[in-house]
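The values are calculated or read from the model by the stated rules, or taken from the named source; none is laboratory data. Computed from a prediction, not measured in an experiment: that's the story for all the values here. Don't worry about glycine lacking a Cβ; one is built from the backbone with ideal geometry, like all the others, and counts go over all protein chains shown. Accessible surface areas use protein heavy atoms only, side chains included; no ligands, DNA or RNA. Shrake-Rupley method; radii C 1.70, N 1.55, O 1.52, S 1.80 Å.
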Amino acid sequence: MSNNKVTRRQFLSYTLTGVGGFMAAGMLMPMVRFAIDPVLQKKDGADFVLTDLPVADITEEPTRVDFNFEQIDAWYSSEVTSTAWVYRDGDTIVALSPICKHLGCTVGWATDSAHPNRFFCACHAGLYEKNGKNVPGTPPRGPLDMYEVRESADGLLELGPVVPNTLV
Amino acid sequence: MFYNGKDSTQFLQQTEFIDTALVPLISIGLKKETLHNAASQSDYVLSLVNALENQFKGRVVAFPSFCYVEGQEKEDLYSNWKLAFENSPFKHVLFITGDSEWLAIDDSVLWTPTIPLDSMDAKMKIKILDDQVRQIIPRIAEKWST
């Protein structure tokens with residue numbers, strides 16, 4: 001019995017080590033958590049947006065596809081509608097962004113009767129060929145951007161981030 | 001473009017291309033009987049202005065609305081706006097409104113019948129606005145070509 005006796009000195013050093021350990025852990029844990037945070041960060045959902053157009057229905061004629069996604073602007077989240085011009089080129093699906101490279105208007109396919117096979121920007125009469133290449137002599141300085149595309153499991157078109165045009 | 005700091009630096013540099021001001025004329029109804037209609041009208045006109053801005057971003061600057069209470073004398077205010085725009089970098093000024101009283105003052109004002117958007121879901125709203133924009137495009141193009 002008397003052999004197991006804890007001395008005052010031992011008792012104090014045990015308690016101090018214990019409490020000190022907790023305090024050190026309490027300080028270190030958040031630091032470690034902050035340090036490795038970038039690794040644990042969740043990637044914001046693959047960034048592909050599902051449209052309601054079946055890939056099989058896409059023809060060689062560019063068609064307009066509207067799609068919605070949620071945009072979060074600080075604490076305000078809103079539903080945004082975007083448009084793409086989609087057509088089939090052999091085995092590949094091409095989705096062009098409708099944003100004119102001149103000053104950002106919205107272009108339309110064959111909306112100008114004088115140019116039935118061109119994308120047309122009504123603001124300053126900008127023209128683009130079907131693959132998005134800007135027609136020289138019109139205001140735009142570069143080709144239309146395009147969306148990354150893929151097919152969803154049930155055959156619908158999915159659009160990804162906007163990338164520079166690779167067809168031109 | 002919108003009438004804000006960020007866009008204005010751009011349109012001041014590009015006055016050769018961005019030459020059209022789009023000004024919504026909004027009637028503010030405050031009586032019990034007129035408030036609902038006026039609110040619905042202003043909602044519609046402002047949504048339409050946003051849709052037009054989206055379509056013609058590179059040529060049009062959408063201005064904050066010109067608001068007035070019903071019954072207010074419009075002619076003087078209107079001529080002030082017109083005069084101010086004549087001395088501005090904008091070549092064209094488009095006033096857009098849902099208030100039919102403007103037709104009597106100046107028939108170059110773009111008047112549009114109000115479609116109440118209150119009970120529509122987002123998809124329907126976008127479709128309606130899109131159709132309306134398409135109908136207005138020729139009227140704007142006509143202004144540009146003169």
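Sorting A:146, B:124 by accessible area (1.4 Å probe), largest first, what list results?
Order by accessible area, largest first: B:124, A:146.
Using only the Cα atoms of region B:95-146, what do you get for the radius of gyration and for Dmax, in Å?
13.0, 39
If you take each beta carbon of peptide A:101-109 and count the beta carbons of other chains within 10 angstrom, what is the mean?
Working: counts 1, 5, 10, 7, 8, 7, 1, 3, 0.
Across the residues of A:101-109, the mean count of other-chain Cβ atoms within 10 Å is 5.
What does the C-alpha gyration tensor say about the overall shape of chain B? Classify as rounded when a/c is under 1.5, otherwise prolate if a/b is larger than b/c, or oblate. Can you show the working numbers first?
Numbers: a/c = 1.75, a/b = 1.22, b/c = 1.43.
Oblate, since a/c reaches 1.5 and b/c is not below a/b.
Which number comes out as Rg/Rh for region B:49-112 once both Rg and the Kirkwood Rh are worked out on C-alpha atoms?
Numbers: Rg = 12.4 Å, Rh = 13.0 Å.
Dividing the radius of gyration by the Kirkwood radius yields 0.96.
Once a ≥ b ≥ c are taken as the square roots of the eigenvalues of the Cα gyration tensor of region A:52-168, is the result rounded (a/c under 1.5), prolate (a/b larger than b/c) or oblate (a/b not larger than b/c)? Write out the running numbers ahead of the final one.
On the way: a/c = 1.95, a/b = 1.23, b/c = 1.58.
It is oblate, given that a/c is not under 1.5 and a/b is not larger than b/c.
Do you know the relative contact order of region A:1-156, to the nearest whole percent, from alpha carbon pairs under 8 angstrom that are 6+ apart?
Working: 200 pairs, mean separation 24.3, N = 156.
Normalised by residue count, the contact order of region A:1-156 is 16 percent.
How much accessible area is lost when chains A and B come together, counting both sides, with a 1.4 Å probe, in Å² rounded to the nearest 100? Before the final figure, lay out the partial values.
Numbers: alone 11760 and 8540 Å², together 19180 Å².
Chain pair A/B: roughly 1100 Å² of buried accessible area.
Could you pull the accessible area for residue A:65 with a 1.4 Å probe, rounded to 10 Å²?
For residue A:65, the solvent-accessible surface is approximately 10 Å².
Around residue B:3, which amide H atoms from residues at least 5 apart in sequence, or from another chain, sit under 5 Å from its own amide H, with H modelled in the peptide plane?
B:62
Evaluate peptide B:137-144: per residue, the Cβ atoms of other protein chains within 10 Å of its Cβ; return the mean as an integer.
Across the residues of B:137-144, the mean count of other-chain Cβ atoms within 10 Å is 1.
What is the mean number of Cβ atoms from other protein chains located within 10 Å of the Cβ atom of each residue in peptide B:54-62, rounded to a whole number? Walk me through the numbers before you get to the answer.
Values: counts 6, 8, 7, 8, 15, 8, 2, 0, 0.
Mean inter-chain Cβ contacts per residue within 10 Å come to 6.
If you add up the charges near residue B:124, with Lys and Arg at +1 and Asp and Glu at -1, over every other residue whose beta carbon is less than 12 angstrom from its beta carbon, what do you get? Mind showing how you got there, number by number?
Values: positive: B:123, B:125, B:127; negative: B:118, B:121, B:130, B:131.
Combined, the nearby Lys, Arg, Asp and Glu give -1.
Using a 10 Å cut-off on Cβ atoms, rank the peptides B:94-103, B:131-140, B:57-66 from the highest mean neighbour count down. Please list the in-between numbers first.
Numbers: B:94-103: 19.2, B:131-140: 14.6, B:57-66: 21.1.
Highest-to-lowest ranking by the protection proxy: B:57-66, B:94-103, B:131-140.
Local charge sum around residue A:166 (other residues, Cβ-Cβ under 14 Å, Lys/Arg +1, Asp/Glu -1)? All intermediate terms of the calculation are to be shown ahead of the outcome.
Working: positive: A:133; negative: A:89, A:145, A:148.
Result for the local shell: -2.
Kindly sort B:81, B:144 by accessible area of their heavy atoms, largest first, with the probe set to 1.4 Å.
Working: B:81 70, B:144 35 Å².
Ranked from most to least accessible, the order is B:81, B:144.
What is the Cα coordinate range of the protein assembly as shown on the first, second and third principal axes, sorted by size from largest, in whole angstrom?
Projected onto its principal axes, the Cα set of the protein assembly as shown covers 110, 61, 40 Å.
Leaving ligands, DNA and RNA out of it, rank A:129, B:33 by accessible area with a 1.4 Å probe, largest first. If you can, show how the numbers build up before the last one.
Values: A:129 60, B:33 140 Å².
So, going from the largest accessible area down, we get B:33, A:129.
Taking the full set of protein chains and a 1.4 angstrom probe, give the accessible area of residue B:114 in square angstrom, rounded to the nearest 10.
The accessible area of residue B:114 comes to roughly 50 Å².
Lone cysteines in the protein assembly as shown, going by a 4.7 Å Cβ-Cβ cut-off?
Singleton cysteines: B:67.
Rounded to the nearest 0.05, what FRET efficiency do residue A:64 and residue A:91 have when you use their Cβ-Cβ distance and R0 = 30 Å?
Values: r = 22 Å, r/R0 = 0.74.
Once the sixth-power term is evaluated, E becomes 0.85.
May I ask you to list, by number, the DSSP H helices of chain B whose Cα span along the axis is at least 27 Å and whose average Kyte-Doolittle hydropathy reaches -0.5 or more? Walk me through the numbers before you get to the answer.
Working: long enough: B:35-55 (30 Å, -0.11); B:122-145 (34 Å, -0.39).
Helix filter hits for chain B: B:35-55, B:122-145.
Taking the Cβ of residue A:52 as the centre, find all other residues whose Cβ is under 13 Å away and add up their charges (Lys, Arg: +1; Asp, Glu: -1). Walk me through the numbers before you get to the answer.
On the way: positive: A:64, B:123; negative: A:57, A:66, A:154, A:158.
Computed value for this residue: -2.
If you count only protein heavy atoms and use a 1.4 Å probe, how large is the accessible surface of residue A:50, to the nearest 10 Å²?
90
Would you mind telling me the share, in percent, of accessible area of the protein assembly as shown contributed by carbon and sulfur at probe 1.4 angstrom? Let's see the in-between values first.
Working: 10930 of 19180 Å².
On the protein assembly as shown, the fraction of accessible area on carbon and sulfur atoms equals 57 percent.
Within 10 Å, at most 16 other Cβ atoms, and a DSSP state outside H, G, I, E, B define an exposed site. Report the longest part of chain A free of exposed trypsin sites (Lys or Arg not before Pro). Let's see the in-between values first.
Details: sites that count: A:5, A:42, A:43, A:141.
Longest gap between qualifying sites, sites excluded: A:44-140.
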